[in-house]
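Have a look at the structure below, then the notes.
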Amino acid sequence: PPPTMFSILQLFLLLLISPFPSLTFADPVTTSTSIHSNNSTFTSPSGSLLDAHDGNILLIDGYYYMFAMGYTDCKLEKGLIPPRDCPGIYRKFGTGCGFRTDHTFKVYKSPSLADGSWVELSDALPVDSRPSGIYFRPKVVYNALTSKYVLWINYLPSNYTTPLKSYPHATYYVGVSDTPEGPYTIVNKDPNLKYSGAGDLTIAVDPETSVAYAAYDAWSNSHTLSIEQLSPDYLSSTQKSSGLISPSNHEAPVLFKRLDTWYLMYGHTCCFCRQGSSLSVHTSAATPIGPWNDTGVDINPRRKGLHYYHEIPAQANYVFETGGGDYVYTGDLWSSSKDNLKSHDVQYWDVLEFGEDGIPKVLSFKEEVVMRV
């Protein structure tokens with residue numbers, strides 16, 4: 001039968017006097033984020049501009065360490081013959097902007113990656129404590145077996161009249177330190193790589209096996225990318241090689257692992273080029289020794305129109321993983337400084353996005369990037 005007014009009233013009174021069940025709310029999930037501007041030079045907490053280029057970033061004990069090359073306050077130059085943004089390559093050794101013997105290897109530290117948070121820790125390879133020459137593109141990794149931080153850095157010997165004549169004799173110097181900030185001591189001047197005439201290089205460590213790999217191009221192979229497995233102490237090559245991977249005339253390799261896939265990205269040869277460089281993607285499900293799959297994807301294509309600028313006018317440095325799980329691409333925007341000093345050229349950063357097939361999506365220029373840290 002339908003409820004009477006009395007029974008409805010009884011139910012209402014029962015609800016009023018009955019205890020409500022306790023409600024438990026989960027704590028809100030918060031993710032710390034930081035913002036990087038792609039239109040301005042890195043700054044310290046005091047506001048001074050950082051001279052930081054073509055290195056890498058590691059997350060160590062809750063802090064981000066940036067290992068970077070300083071090109072000093074030389075004026076940007078442009079020549080008449082290619083490579084036009086790189087006239088120093090033809091000048092007297094050690095005198096051209098970007099090809100001086102007083103480049104600095106600086107280490108910076110930040111709790112958050114945020115602009116204005118980078119504190120300079122050290123000049124980790126002082127000029128007066130290293131062999132004379134031109135140094136560039138430093139990369140640092142940690143070796144858990146030896147408890148050492150290991151530096152690989154490009155080196156052009158100074159006993160040639162111009163950088164161009166020195167390049168076929170270029171090598172990598174390998175140094176070690178007990179701490180990320182250094183100082184680093186050079187312990188190997190001939191790391192036994194298969195191809196001579198060292199070009200751009202990067203180092204990556206497999207997070208599961210702690211095996212390290214060097215990806216590089218060389219003058220002796222017409223700037224073709226290959227990868228070699230390093231010795232257990234990371235100080236030299238085992239010469240276990242992938243063989244040649246890229247077409248000739250490519251450089252600036254980026255090598256990293258995400259989930260179960262290795263990624264190798266690289267661009268065409270580009271000496272301090274203001275128009276930027278391509279970023280072709282290869283993948284491997286095994287190890288960096290291969291086999292490699294050319295995806296046919298360039299995630300930094302040239303812009304449409306009758307010019308040679310790429311979507312991101314940058315040359316690749318590195319990809320690092322943040323504490324929040326983002327994979328951040330970094331590259332140098334050469335000739336981008338507002339005061340015409342190479343030391344203040346801007347770094348471009350972006351969080352890589354991956355499709356369902358695991359391939360990174362094509363980049364598009366962003367004024368700033370938000371990262372989960």
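Overview of values
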{"item": "Heavy-atom accessible area order for HIS310, HIS169, largest first, 1.4 Å probe", "result": "HIS169, HIS310"}
{"item": "Solvent-accessible surface ranking, highest first, for THR95, THR41 at 1.4 angstrom", "result": "THR95, THR41"}
{"item": "Fraction of accessible area attributable to carbon and sulfur, segment 271-373 (%, probe 1.4 Å)", "result": "50 percent"}
{"item": "Solvent-accessible heavy-atom area per residue, rounded to whole Å², over the chain at 1.4 Å", "result": "46 Å²"}
{"item": "Segment 262-316 versus segment 193-234: alpha-carbon centroid distance in Å", "result": "18 Å"}
{"item": "Listed residue (LEU230, TYR195, LEU113) projecting farthest to the positive dipole end of the chain, Cβ model", "result": "TYR195"}
{"item": "Packing rank of 359-370, 56-67, where each peptide gets the mean count of other beta carbons within 10 Å, highest leading", "result": "56-67, 359-370"}
{"item": "Efficiency of FRET from Cβ geometry, LEU145 and ASN39, R₀ 35 Å, rounded to 0.05", "result": "0.25"}
{"item": "FRET E, pair ASP102, ASP61, Förster distance 41 Å, beta-carbon r, rounded to 0.05", "result": "0.80"}
{"item": "Virtual spin-label span in nm between ARG84 and THR161, 7 Å along Cα→Cβ", "result": "2.7 nm"}
{"item": "Cα gyration tensor category, rounded, prolate or oblate, for segment 34-180 with a/c compared to 1.5", "result": "oblate"}
{"item": "0 to 90° range, to nearest 10: angle between helix 5-17 axis and the chain longest Cα axis", "result": "50 degrees"}
{"item": "Segment 289-373 shape via C-alpha gyration tensor axes, a/c threshold 1.5", "result": "oblate"}
{"item": "Lys pairs, segment 101-242 - Cα-Cα below 20 angstrom, 8 or more residues apart or on other chains", "result": "11"}
{"item": "Computed helical MRE - 222 nm, the chain, DSSP H runs ≥ 4 contributing -39500 (n - 2.57), nearest 500", "result": "-1500 deg cm²/dmol"}
{"item": "Selection from VAL362, ALA124, THR269 lying farthest towards where the dipole of the chain points positive, charges on Cβ", "result": "THR269"}
{"item": "Cα centroid separation, segment 63-115 to segment 323-373 (Å)", "result": "18 Å"}
{"item": "Dipole magnitude of the chain, debye to nearest 20 (Cβ charges: Lys/Arg +1, Asp/Glu -1, about Cα centre)", "result": "940 debye"}
{"item": "Extension gain, LEU244 back to LYS194 (0.36 nm per residue minus Cα-Cα distance, nm)", "result": "16.9 nm"}
{"item": "Shape of the chain, Cα gyration tensor, a/c cut at 1.5", "result": "prolate"}
{"item": "Accessible carbon and sulfur surface of segment 90-213 relative to its total accessible area, %, 1.4 Å", "result": "52 percent"}
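The values are calculated or read from the model by the stated rules, or taken from the named source; none is laboratory data. All values reported here derive from a predicted model rather than from experimental measurement. Neighbour counts are summed over all protein chains in view; Cβ atoms, including those assigned to glycine, are modelled from backbone coordinates with ideal geometry. Just the protein is used for accessible areas: all its heavy atoms, side chains included, with ligands, DNA and RNA removed. Shrake-Rupley method; radii C 1.70, N 1.55, O 1.52, S 1.80 Å.
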